[in-house]
Amino acid sequence: MIFRWFGRKKPEETAPKDEAAKDESVNLESAAPAAEPEEAPEPPAAATPAPKPEIEPVPELAPAAPSTEPPPVPSAPAAEPAGISAPPAAPVPVEPPAPVVFAPVPEPEPVPELPPAPAPAAVAEEAPPTRKGWFAKLKEGLSKSSSKLTDGITGIFTKRKLDDEALEELEELLITADLGPATAAKVTAELARTRFGKEVSPEEVKATLAAEVSKIVTPVAKPLVLDPALKPHVILVVGVNGTGKTTTIGKLARQFKAEGKSVMLAAGDTFRAAAVSQLKIWGERTGCPVVARDTGADAAGLAYDALERARAEKVDVLLIDTAGRLQNKTGLMEELRKIVRVIKKLDETAPHTTLLTLDATTGQNAHSQVEIFRDMVNVNGLILTKLDGSARGGVLVSLAEKFKIPVHAIGVGEGVYDLRPFDADAFAKSLMGLHAD
Ligand SMILES: Nc1nc2c(ncn2[C@@H]2O[C@H](COP(=O)(O)OP(=O)(O)OP(=O)(O)O)[C@@H](O)[C@H]2O)c(=O)[nH]1
Ligand SMILES: [Mg+2]
């Protein structure tokens with residue numbers, strides 16, 4: 001499948017997590033298990049006739065948040081223009097309308113103190129931007145990362161020859177911008193090879209670096225391709241808590257639906273009640289059935305049931321959400337491995353894609369997360385989330401260089417359209433604050 005270029009988010013289209021999470025006041029950092037997830041016998045389906053999972057019907061039109069909730073507060077960071085006040089409910093055509101030209105949008109209107117109102121239908125409101133609009137968003141999203149780099153480069157290279165000292169300073173700058181020591185050394189060596197001893201302008205340095213970064217990330221810039229022969233193509237989404245698993249599932253579901261695929265979601269994060277309701281909200285917004293069980297239920301059993309159901313219904317893609325934290329790392333490892341083991345009983349080739357979500361704001365920490373999850377399950381795809389507003393977007397370069405795992409997409413916001421295919425060249429140029437063509 002090929003990702004499309006999608007439109008800008010609206011504040012009310014941000015992930016429903018907040019609303020869901022509020023229900024339980026779950027603090028991601030301090031959440032303690034309400035109940036120990038039971039260690040169910042294996043295989044779950046065969047061993048214990050588990051309670052029939054709850055199948056969410058495909059709704060006609062769904063609110064993005066519980067109707068008792070007021071709309072998001074205006075203080076949301078980087079609120080996008082385009083009214084925050086609830087628009088009239090509209091059908092949820094997953095396919096957005098015809099492309100519109102991305103143009104500067106008016107200032108957001110101040111949000112009045114609204115009484116509780118039905119939450120907006122999120123999906124219908126956005127339209128895909130032009131390619132130009134996409135770059136603008138990417139560049140804006142990466143501006144914190146790029147300004148760190150470009151300010152540094154300008155500082156080092158204004159009226160200065162490319163000597164050893166300048167190269168050392170540049171290497172250091174690249175390391176602090178999360179490109180990692182190996183990448184930083186490689187990139188500076190390439191610059192030295194062609195320009196050593198010459199006076200170079202900051203612009204030249206940026207252009208050379210962008211070209212080098214692009215070379216490094218191009219091999220991993222691969223769209224997530226669904227195998228049409230698989231019914232379903234199973235995508236297991238894993239990652240540390242808060243990295244964007246559930247939100248990414250919602251965004252992917254919308255994209256697949258827009259491509260005419262049938263999609264089913266499995267609420268495999270049975271650890272928190274809020275996690276299940278969050279996924280259900282995404283299911284409603286995107287018109288996808290959600291297989292869920294009560295909090296504390298066996299996640300592997302749930303995944304098994306979901307796959308069984310998806311196979312019976314010949315669904316194109318099954319997206320399985322998972323918990324980002326359990327009592328401890330061992331517990332998480334056991335659970336993820338068990339999910340994989342159990343779904344293999346139905347389809348030994350599943351999961352076909354194991355996607356790891358990484359929060360770009362955590363910088364180098366993402367490296368240890370890849371190592372940990374790669375050891376737990378066979379991670380074969382990455383999604384970098386929160387590239388918008390992160391000053392540490394350079395980490396994508398060092399991840400690409402070190403692990404060479406495909407980066408299928410990047411998250412550039414909380415909205416349903418804010419998942420983009422990873423375009424190596426556009427990313428490299430944006431990271432260096434250059435105009436992408
Ligand atoms: N700015 C921004 N926020 C994002 C992005 N992706 C996810 N988020 C936000 O990050 C927060 C956590 O996202 P979730 O999808 O709930 O993360 P999770 O990995 O499912 O978390 P757990 O269920 O706790 O393990 C939410 O507030 C999302 O809206 C992104 O690309 N950009
Ligand atoms: Mg989640």
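The values are calculated or read from the model by the stated rules, or taken from the named source; none is laboratory data. Given the structure is predicted, the values throughout are model-derived calculations rather than measurements. For neighbour counting, all protein chains shown are included, and Cβ atoms are generated from backbone atoms with ideal geometry for every residue, glycine included. Calculation scope for accessible area: heavy atoms of the full protein, side chains included, ligands and nucleic acids excluded. Shrake-Rupley method; radii C 1.70, N 1.55, O 1.52, S 1.80 Å.
Here are a few things to note about the model shown:
- Residue in the range 274-284 that is out of contact with any Lys or Arg (no Cβ under 6 Å at 6 or more places or on another chain), open to solvent by less than 10 Å² (accessible area, probe 1.4 Å), more than 12 Å from ligand 2 (Cβ to nearest atom) and free of Cβ contacts under 8 Å to residues at least 60 places away in the same chain present: no
- A residue that is within 13 Å of ligand 1 (Cβ to nearest atom), of a type in the set (D, E) and buried (at least 24 other Cβ atoms within 10 Å of the Cβ) occurs somewhere in the range 318-330.
- Of the residues A360, A310, the single one that is buried (at least 24 other Cβ atoms within 10 Å of the Cβ) and at pLDDT below 95 is A360.
- Members of the range 386-405 that are open to solvent by 10 Å² or more (accessible area, probe 1.4 Å), within 15 Å of ligand 1 (Cβ to nearest atom) and closer than 20 Å to I216 by Cα: A391, R392
- Checked against the criterion of being within 14 Å of ligand 2 (Cβ to nearest atom) and either surrounded by 21 or more Cβ atoms within 10 Å (Cβ to Cβ) or within 16 Å of T353 (Cα to Cα) (or both), the candidates V237, V263 yield just one match: V237.
- Considering only residues in the range 202-255 that are within 13 Å of the chain's Cα centre (by Cα) and of a type in the set (V, I, T), the one that is nearest to I410 (Cα to Cα) turns out to be T248.
- Only one of the numbered conditions (1) without any contact (Cβ under 8 Å) to a residue 60 or more places away in the chain; (2) within 14 Å of ligand 1 (Cβ to nearest atom); (3) assigned to a helix (DSSP H, G or I); (4) of a type outside the set (S, T, Y) is violated by E335, and that is (1).
- Selection status of F422, among the aromatic types (F, W, Y) and open to solvent by 10 Å² or more (accessible area, probe 1.4 Å): yes
- Residues being open to solvent by 10 Å² or more (accessible area, probe 1.4 Å) and touching a Lys or Arg at 6+ places or on another chain (Cβ under 9 Å) - total across the range 243-257: 3
- Summed over the range 389-435, residues that are touching a strand residue (DSSP E or B) at 6+ places or on another chain (Cβ under 7 Å) and either polar (S, T, N, Q) or not in a helix (DSSP H, G or I) (or both) total 14.
- Breaking point among (1) in a helix (DSSP H, G or I); (2) crowded, with 23+ Cβ neighbours inside 10 Å; (3) of a type in the set (V, I, T), for T208: (2)
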